[in-house]
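Enquirer: To start, I am sharing the structure in question, which I have written as structure tokens.
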Amino acid sequence: MSQGKINVSVENIFPLIKKFLYSDHEIFLRELISNATDATLKLKHLTSIGEAKVEYGNPKIEIKVDKEGKKIHIIDQGLGMTSDEVEKYINQVAFSGAEEFLNKYEDGAKDTGIIGHFGLGFYSAFMVAEKVEIITKSFKEEPAAHWSCDGSPNFTLEESKKEDRGTEIILHIAEDSTEFLEEGRITELLNKYNKFMPVPIKFGTKTETLPKPEGAKEEDEAPTQEVDNIINNPNPAWTKQPADLEDEDYKGFYRELYPMQFDEPLFHIHLNVDYPFNLTGILYFPKLTNDLNVQKDKIQLYQNQVFVTDNVEGIVPEFLTMLRGVIDSPDIPLNVSRSYLQADGAVKKISSYITRKVADKLSSLFKNNREDFEAKWNDIKIVIEYGMLSEDKFFDKADKFALYPTVDGSFFTFDELQEKIKANQTDKDDKLVILYASDKEAQHSYIEAAKTKGYEVLLMDSPIIAHLMQKLEGSKENITFVRVDSDHVDNLIKKEENQISKLSDEEKETLKTDLEKTIESKSYTIQLEAMDSSASPFIITEPEFMRRMKEMQQTGGGGMFGMGNMPEMYNLVVNTNHELVSEILNTKTAKKKERLINQSLDLAKLSKGLLKGAELTEFIKRSYDMVK
């Protein structure tokens, strides 16, 4: 028997590990199972190259919980350790046996799936255990070893009678961590972190129903048997080649990832790259709503099939965090800060690669089946628009497949739209005016007015569309987006010809005074305009610039401080060529004049969806009085 002190450079390494090394104590099980997986995969590699003269067999990792004895056992059938190796890999904190192994077998070991975190990972056990034992026997012909440590720098190391190859780690659970003695808690952790580990993991047994024997009666119960409860899928879809998978395999894996998600994914993107970094994975486009927040944190990040996190910001571009699926890369560290990840060169390359792959997939879908792409547009547009806003390289690619739907259900790329409308929607300053609506129902009368002039009206209704229009106006030459209710139809696209007003300047001044006297609200700026006599007498519009800046402020960004908190601003456009306006001007009875103005204003409000509450009640009452 030998005794000694663990070789550490800081005297109080254990309190440091327990409090600061990992932010979440529950990852101790992930770390210890990762080590057991490494030990198993190392043995597999050594047997395959003939360096280990043993039978590899069908090894598994087993987790046992002894609630009464307050112990957790993690047992593997991997290559085990000799006493010298325990001294080397356990007593020298942060010495990585996996790293040494990969360096030694550089030519053939890169694809073994070895995780590579033996060292500090093992000491995460002391976050939940007051004492840890290791009983291990190497695949080499050497005696087994028994190591024990009570959470101080002191340890004991002696021979053991263990006869089977592999390692058993015994955690004596501390009083403040007894939650981990509950089977339900361990099941939760295994499902969270180890669901796709590359070596089968056993946790207890389960009852399996067997087929009834031939000749059995209907009322006879089917026989059952107890089988190992294997909690993981060692060969998940992302570890396979795309050529080996059918569409149903991808859908099945989606259901495995999200058992409570009942919608089928729209399509998937299989990631597979080995230079200049290693990365595999599958991303799914789900059906998305216009809510930018509730969709996030659905992509799971793995490192060699070990779950790391579902907070992938910094690794996956921000606009793609609304997707779902798995990304697996050995080049992403397991335990680092978010700021470190964002500055890491490999991580930046990974982010760029994912952006490019998604853009290429979308471009391919658009080119190969445009009809299907159009049918899915409303479910995917929020991701594409967000990407165009936040990533210039994605913007350049997406410009060829991003769609601009019209209120009538047609879809155009930007180039197609530009070609279609340039003859009719270019103003007197040679600027292309792109008209759009954000709500087909609420802006119906404005849309119809624009359509009577032969204008094409887009339906742009996502929450970030104001930002995207701003970017498009800055990146395209001589274009502007104008919402159909931002001005009366004759002013939306200014041409050379102007209507001549039937009213003199003096009459206009009198009319404006009458209107201002009756309409007390400061929300309306009154504009007298000469329009076609068939156009509406009163029209309420929202100035494009002010409204758009306010929308941008409300969704993060925009030009002016506090714009999001400003009251709504409207223009009341009065058609001086309409006969009702002439009647208002010429009415001598003050009460009748006031009633006509209020009725006309309320009709304009009703058309704009602004007439509500007490004002609506008063309008209905006044309307009945007028038709008596």
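Enquirer: Two decimals, Cα atoms only, Kirkwood Rh: what is Rg/Rh over the range 319-464?
Expert: Rg/Rh: 1.08.
Enquirer: When the Cα atoms of the range 403-492 are enclosed in a convex hull and the volume is divided per residue, what value in Å³ results?
Expert: Cα-based convex hull of the range 403-492, divided per residue, equals 95 Å³.
Enquirer: If you don't mind, another one. Take the cross-link list K287/K393; K367/K608; K361/K428; K367/K476; K440/K508 and give me the ones stretching past 30 Å between alpha-carbons.
Expert: Cα-Cα > 30 Å for K367/K608; K361/K428; K440/K508; rest within.
Enquirer: At 20 °C and 1.002 mPa s, what whole-number value in µm²/s does Stokes-Einstein give for the translational diffusion of the range 505-627, with Rh from the Kirkwood sum over Cα pairs?
Expert: Answer, rounded: 135 µm²/s.
Enquirer: If neighbour count is taken as other Cβ atoms inside 10 Å, put H444, H172 in order from fewest to most.
Expert: Result, fewest neighbours first: H444, H172.
Enquirer: Can I get the semi-axes of the chain's equivalent ellipsoid? Compute them from the C-alpha gyration tensor as square roots of 5 times the eigenvalues, in angstrom, largest first.
Expert: 71, 25, 25
Enquirer: Then there is this: Please return the longest stretch of the chain lacking exposed loop sites, where chymotrypsin sites (Phe, Trp or Tyr not before Pro) count only if DSSP places them in a loop and at most 11 other Cβ atoms lie within 10 Å.
Expert: Formally, the longest exposed-site-free interval is 263-560.
Enquirer: Rounding to the nearest 10 and keeping the result within 0 to 90°, find how far the Cα-based axis of helix 247-257 lies from the longest principal axis of the chain.
Expert: Helix 247-257 sits roughly 80 degrees off the main axis of the chain.
Enquirer: Of all beta bridges DSSP finds with both residues in the chain, what is the antiparallel percent, to the nearest 5?
Expert: Rounded to the nearest five, the antiparallel share is 75 percent.
Enquirer: Quick one: which residues, 5 or more positions from I61 or on another chain, have an amide H under 5 Å from its amide H? H modelled 1.01 Å from N in the peptide plane, none for Pro or chain starts.
Expert: I201, K202
Enquirer: Moving on to the next point. Explain nothing, just compute: Karplus ³J(HN,Hα) = 6.51 cos²θ - 1.76 cosθ + 1.60, θ = phi - 60°, for every residue of the range 463-471 in order, whole Hz, x for Gly and Pro.
Expert: Working through the residues one at a time gives x, 10, 5, 4, 5, 5, 4, 4, 5 Hz.
Enquirer: Which value, to two decimals, describes the C-alpha radius of gyration of the range 182-290 once divided by 2.2 N^0.38 Å?
Expert: Against the empirical 2.2 N^0.38 Å value, I get 1.44 for the range 182-290.
Enquirer: Per residue of the range 435-446, what does 6.51 cos²θ - 1.76 cosθ + 1.60 with θ = phi - 60° give for ³J(HN,Hα)? Whole Hz please, x for Gly and Pro, Karplus curve as stated.
Expert: Each residue of the range 435-446 in turn: 8, 8, 10, 9, 8, 4, 6, 5, 9, 4, 5, 5 Hz.
Enquirer: Give me the number: length gained by fully extending D220 to E175, i.e. 0.36 nm times residue separation minus the C-alpha to C-alpha distance, one decimal in nm.
Expert: 11.3 nm
Enquirer: Loop only by DSSP, 13 or fewer other Cβ within 10 Å of the Cβ. Give me the trypsin sites (Lys or Arg not before Pro) in the range 354-433 that pass, ordered by residue number.
Expert: Of the trypsin sites (Lys or Arg not before Pro), the ones in loops of the range 354-433 whose Cβ has at most 13 other Cβ atoms within 10 Å are K422, K428.
Enquirer: Any aspartates and glutamates with Cα under 12 Å of the K348 Cα? List them, leaving off those in the same chain fewer than 8 positions away.
Expert: Excluding near neighbours in sequence, the set is E313, D331.
Enquirer: Related question: Collect residues whose amide H, placed 1.01 Å from N in the peptide plane, falls under 5 Å from the amide H of S486; neighbours closer than 5 in sequence don't count.
Expert: Counting only residues 5 or more places away or on other chains, the set is E542.
Enquirer: Also, I was wondering about something else. If you average the C-alpha positions of the range 250-267 and of the range 429-493 separately, how far apart do those two centres end up, in angstrom?
Expert: If we compute the Cα centre of each part, the gap is 38 Å.
Enquirer: Tell me the mean residue ellipticity at 222 nm calculated for the chain from its helices only (DSSP H runs of n ≥ 4, each -39500 (n - 2.57), averaged over every residue, nearest 500).
Expert: -11000 deg cm²/dmol
Enquirer: Considering the alpha-carbon set of the range 414-563 alone, what are its Rg and its Dmax in angstrom?
Expert: Answer for the range 414-563, Rg first and Dmax second: 16.9, 49 Å.
None of the figures in this text is laboratory data; all of them are computed from the coordinates on show. For clarity, every value in this text was computed on a predicted model and none was experimentally measured. Note that we place each Cβ from the backbone using ideal geometry, even for glycine, and neighbour counts take in every protein chain shown.
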